[in-house]
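Q: Sharing a structure below in structure tokens format, with a few things to ask.
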Amino acid sequence: MVEREDANLTPDDIRKHPTEVSAAMLTELGTWNKMSCMSRKSRQTARNIVDCRWVLKWKKDITPVSAEEAARGVQGVTRWVIRARLTIRGFKDTGKGEVDTYAGTSQRYSQRVLVSEAVIRRWALCTADIAKAFLQAVTYEELAATTGEPLREVNFTLPAYNVPQLRTLKGFESFNPATEVLHCDKPGTGSVDAPRCFSMKLSKVTNKCGLVPSNIDPELCYLHKKSGDNLVLVAIMTKHVDDLKVAGEPEVVLQIMKMIEETFGSMKLIWHEFTNCGVRHIQDKTTFECSLDQTEYISGLKTISHDEIRGKSSNSYCEPLLHTLYQSLLGAVAFTSLTRVDIIVFVVALQRHTHKPQVIHVKRLNALVRWMQANPRKLMYRSFNKASKVSLHSEALPRAIKPSLSGPFQHLKVIADSSFKKEEEKGHSLRGVLHLRCAGRDYTQGGTVHILDFATKALRLVTRSTYSSELLGACDSIDHGLMLLYILHEIHSGVPTKHEAKLLRERGRFAVPCVLYIDALSVYASATATYIKAPAEKGLLSHVQYLRELMDNRVLDALAWQDTRDMAADGLTKGSVERLSLIHISEPTRPRLISYAVFCLK
């Protein structure tokens with residue numbers, strides 16, 4: 001359901017380009033041999049034998065140019081080439097259920113934190129890709145020695161038409177497929193433990209560079225240097241398997257990349273404008289402000305065209321083919337929630353019918369795709385030094401105790417909203433939340449905001465009323481907000497020990513203050529009362545006490561109530577409200593004053 005240039009070869013393409021396909025396969029086999037990924041083994045002693053398949057794709061290849069030519073404006077010639085990837089069928093591995101299948105993928109909020117930090121500190125963004133990453137992982141022997149696990153044995157066979165090509169490689173001249181198999185010295189592409197083994201090797205290299213992983217997301221790493229008694233961040237990196245994204249002081253970034261290249265070979269660094277993890281980054285080279293979008297990906301989405309849509313009633317259930325198309329397109333649309341804050345509530349509503357969709361749901365999905373294509377959006381990260389300092393209703397905050405001005409000039413806003421709809425047979429409860437990194441330590445001030453994360457999710461617990469829905473939604477939202485608070489604390493104060501992190505959770509005093517905004521006055525009144533009383537639903541008492549404890553211990557600096565008409569997260573739980581608030585936050589044309597808070601505690 002997505003038009004892509006780098007598509008897989010069709011059977012017709014393979015028949016039309018046999019020479020190029022054969023050359024691509026030989027190149028891939030040579031790479032496996034060069035990186036010592038396979039060796040010969042007798043069939044009699046081999047166990048756990050699987051087969052493999054070839055993944056053939058069209059790829060753009062740009063002829064490299066020298067530095068002198070690049071300075072003169074000369075660009076490399078772009079042409080389409082065929083790339084072949086040898087993939088082991090890991091799902092046939094008899095030992096797949098006994099191994100750890102960890103994959104080193106950074107969280108989406110970590111990716112946004114890096115962009116936010118780069119904009120605030122005026123650092124250039126950079127990305128790099130490690131070529132043939134899985135073929136450069138640790139060997140099975142190194143894995144067993146490091147973890148103490150039993151030595152893994154994985155063997156595979158090649159299709160008969162690849163055997164003549166294999167015999168042209170050094171060491172395989174007399175290979176006999178009748179009596180021999182190929183033994184995996186390393187977990188190759190497709191193997192269940194390939195991501196884990198590569199992540200282990202990459203972590204060794206980044207640790208050698210001085211990068212320290214976050215306690216929250218191990219694939220988010222920091223490099224601090226001493227400045228008197230303080231630690232100062234000089235570089236930050238996210239690792240998404242073999243895709244690296246880095247920001248920092250230029251000489252530090254180049255030194256880190258040089259050390260990584262010593263282990264994994266040459267990498268092409270792309271600055272300011274690139275696509276990483278499916279998201280296009282465009283950074284201004286002067287202001288260092290950055291935008292994130294998936295416009296090109298969205299433009300390639302294809303709406304569903306099927307006879308059932310026109311010939312059947314809207315309440316009819318989809319036949320198998322239309323059902324499959326619906327699932328495919330919905331999955332593609334859900335991927336755009338990395339940058340599209342405005343459509344996530346509609347995606348969640350359509351996902352409720354994934355297992356048994358009706359024709360009307362297909363029509364709504366088509367309408368959503370067309371609307372996204374007609375209304376492109378992006379996440380915009382602007383410099384904090386242009387923040388507005390206009391106060392928000394400060395005269396209405398007699399009990400607000402403003403935090404001290406020590407520490408970083410920023411704070412974290414957690415804006416939580418929930419919806420509850422009671423129906424005859426079932427009820428739906430949704431929570432929507434925005435986690436915003438905001439300029440200034442005074443949470444009664446407006447100004448520039450950076451979206452660190454957002455979500456629309458069903459509540460994990462059963463709710464019987466609007467009160468319970470709002471309360472549980474607020475608790476879930478602040479739970480996730482604490483993870484982001486830890487990350488911001490690590491950026492400004494270094495990665496704490498586990499004991500220190502525990503004390504932060506118990507006693508507060510994070511480097512960055514945090515405030516939770518809700519529009520449920522009943523929940524606000526319960527949590528801010530002088531004496532906490534049990535609500536009508538007695539089982540919710542502990543949740544009210546939980547919010548109060550966070551404020552008493554200054555883990556949460558403030559709990560604020562705001563009018564529902566000013567609730568920015570309202571569009572994350574209801575499809576019938578305007579998207580303007582979400583659009584203004586995610587894509588501000590200028591630093592914008594966001595209307596917040598009538599009462600605050602603490």
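The values are calculated or read from the model by the stated rules, or taken from the named source; none is laboratory data. What you are looking at is a predicted structure, and each value in this text was computed from that prediction instead of being measured. In this analysis, Cβ positions are derived from the backbone assuming ideal geometry, glycine residues included, and neighbour counts consider all displayed protein chains. Heads up: the accessible areas ignore ligands, DNA and RNA and are worked out on the full protein's heavy atoms, side chains in. Shrake-Rupley method; radii C 1.70, N 1.55, O 1.52, S 1.80 Å.
Q: Could you check the spin-label model distance between residue 61 and residue 272? Points 7 Å from the Cα along Cα→Cβ, value in nm.
A: 2.9
Q: If each residue of separation counts as 0.36 nm, what is the full-extension length gain between residue 230 and residue 161 once their alpha-carbon separation is subtracted?
A: Stretched fully, the residue 230-residue 161 segment lengthens by 18.6 nm.
Q: Rounded to the nearest 20 Debye, what is the dipole magnitude of region 154-236 about its Cα centre when Lys and Arg each give +1 and Asp and Glu each give -1 at the C-beta?
A: Here the size comes out at about 280 debye.
Q: Could I ask something else about it? Per residue, how much accessible surface does the chain expose to a 1.4 Å probe? Answer in Å², no decimals.
A: About 47 Å² of surface per residue is accessible.
Q: At a probe size of 1.4 Å, how large is the accessible area of residue 532, to the nearest 10 Å²?
A: Residue 532 has an accessible surface of roughly 60 Å² with all protein chains in place.
Q: Please report, ordered by residue number, every helix of the chain (full DSSP H runs) that is 27 Å or longer along its axis going by C-alpha atoms and whose mean Kyte-Doolittle hydropathy reaches -0.5.
A: Helices passing the filter in the chain: 466-493.
Q: Take every Cα pair under 8 Å in region 229-270 that's 6+ residues apart, average their separations, divide by the length, and report that relative contact order as a whole percent.
A: Once divided by the residue count of region 229-270, the mean separation gives 25 percent.
Q: Looking at this model, which pairs from 60/258; 201/268; 285/502 are more than 29 angstrom apart at the alpha-carbon?
A: 285/502
Q: What net charge is computed for the residues neighbouring residue 431, neighbours being all others with C-beta under 14 Å from the C-beta of residue 431, Lys and Arg scored +1, Asp and Glu -1?
A: It works out to a net charge of -3.
Q: Here is a further query. Which semi-axes, in whole Å and largest first, does the equivalent ellipsoid of region 323-377 have when worked out from the alpha carbon gyration tensor as the square roots of 5 times its eigenvalues?
A: Here the semi-axes work out to 18, 11, 9 Å.
Q: I need to check one value: relative contact order of region 121-276, counting alpha carbon pairs closer than 8 Å and at least 6 residues apart, in percent.
A: Here the relative contact order equals 34 percent.
Q: Determine the share of the chain's accessible area contributed by carbon and sulfur atoms, expressed in whole percent, with a 1.4 angstrom probe.
A: With neighbouring chains kept in place, the figure for the chain is 53 percent.
Q: In terms of modelled amide H atoms, which long-range or inter-chain residues lie less than 5 Å from the amide H of residue 125?
A: Answer set, sorted by chain and number: 272.
Q: Sequence neighbours fewer than 8 away in the same chain don't count; with that in mind, list the aspartates and glutamates whose C-alpha is under 14 Å from residue 132.
A: Here the aspartates and glutamates satisfying the reach criterion relative to residue 132 are 28, 242, 243, 261.
Q: Where nothing but the Cβ of Lys and Arg (+1) and of Asp and Glu (-1) is charged, how large is the charge dipole of region 433-526 around its Cα centre, in debye to the nearest 20?
A: 220
Q: Beyond a 32 Å Cα-Cα separation, which of these cross-linked pairs lie in this structure: 413/533; 92/457; 378/498; 239/574; 186/245?
A: Pairs exceeding the cut-off: 92/457; 378/498; 239/574.
Q: Ignoring ligands and nucleic acids, what accessible area does residue 161 show with a 1.4 Å probe (Å², nearest 10)?
A: Solvent-accessible area, nearest 10 Å²: 140 Å².
Q: Scan around residue 50 for amide H atoms under 5 Å from its own, H built in the peptide plane at 1.01 Å from N, and keep only partners 5 or more places away or cross-chain.
A: The answer is 155, 156, 157.
Q: Using the 2.2 N^0.38 Å rule of thumb for compact globular proteins, work out how the chain stacks up: its C-alpha Rg over that value, please.
A: Cα Rg divided by the expected 2.2 N^0.38 Å: 1.09.
Q: Compute the Kirkwood hydrodynamic radius of region 436-531, taking the inverse of the mean of 1/r over all pairs of distinct Cα atoms, and give it in Å to one decimal.
A: 15.4
Q: In vacuo Debye scattering of region 82-158, one point per C-alpha: log10 I(q)/I(0) at q = 0.11, 0.12, 0.24 Å⁻¹?
A: Debye output, listed in q order: -0.53, -0.61, -1.28.
Q: Which is farthest toward the positive dipole end of the chain among 101, 188, 332, measuring Cα position about the Cα centre, with Cβ charges +1 (Lys, Arg) and -1 (Asp, Glu)?
A: Working it through, the farthest residue towards the positive pole turns out to be 332.
Q: Using a 1.4 angstrom probe with every protein chain in place, what is the largest-first accessible-area order of 58, 80, 271?
A: Order by accessible area, largest first: 80, 271, 58.
Q: Compute the length gained on full extension between residue 176 and residue 542: take 0.36 nm times their separation in residues and subtract their Cα-Cα distance, giving the result in nm to one decimal.
A: 124.8 nm
Q: Tell me, what is a quarter of the convex hull surface for the C-alpha atoms of region 441-497, in nm² with one decimal?
A: That works out to 6.0 nm².
Q: Averaging sequence separations of C-alpha pairs under 8 Å and six or more residues apart, then dividing by the length of region 456-548, give the relative contact order as a whole percent.
A: 30
Q: Which of 77, 111, 449 sits closest to the plus end of the dipole of the chain, meaning its Cα is farthest towards the positive end, when Lys and Arg get +1 and Asp and Glu get -1 on the C-beta?
A: 449
Q: Radius of gyration and Dmax for region 298-344's Cα atoms, expressed in Å?
A: So, for region 298-344, Rg and Dmax equal 12.7, 35 Å respectively.
Q: Ordering 346, 288, 454 by how much accessible area each has at a 1.4 Å probe, largest first, what is the list?
A: Highest to lowest solvent-accessible surface, that is 346, 288, 454.
Q: Could I ask something else about it? Order the following by accessible area, largest value first: 507, 441. Probe radius 1.4 Å; ligands, DNA and RNA are ignored.
A: Heavy-atom accessible area, descending, gives 507, 441.
Q: Could I ask something else about it? Using the Cβ atoms and a cut-off under 14 Å, what net charge is assigned to the surroundings of residue 308, where Lys and Arg are +1 and Asp and Glu are -1?
A: +1
Q: Mind putting a number on the dipole of region 284-384 about its Cα centre? Charges go on the C-beta only, +1 for Lys and Arg and -1 for Asp and Glu, and I need it in Debye to the nearest 20.
A: So the dipole magnitude of region 284-384 works out to roughly 220 debye.
Q: Would you calculate the separation in nanometres between label points at residue 355 and residue 577, each defined as 7 Å from the Cα along the Cα-to-beta-carbon direction?
A: With each label point 7 Å from Cα toward Cβ, the separation is 3.0 nm.
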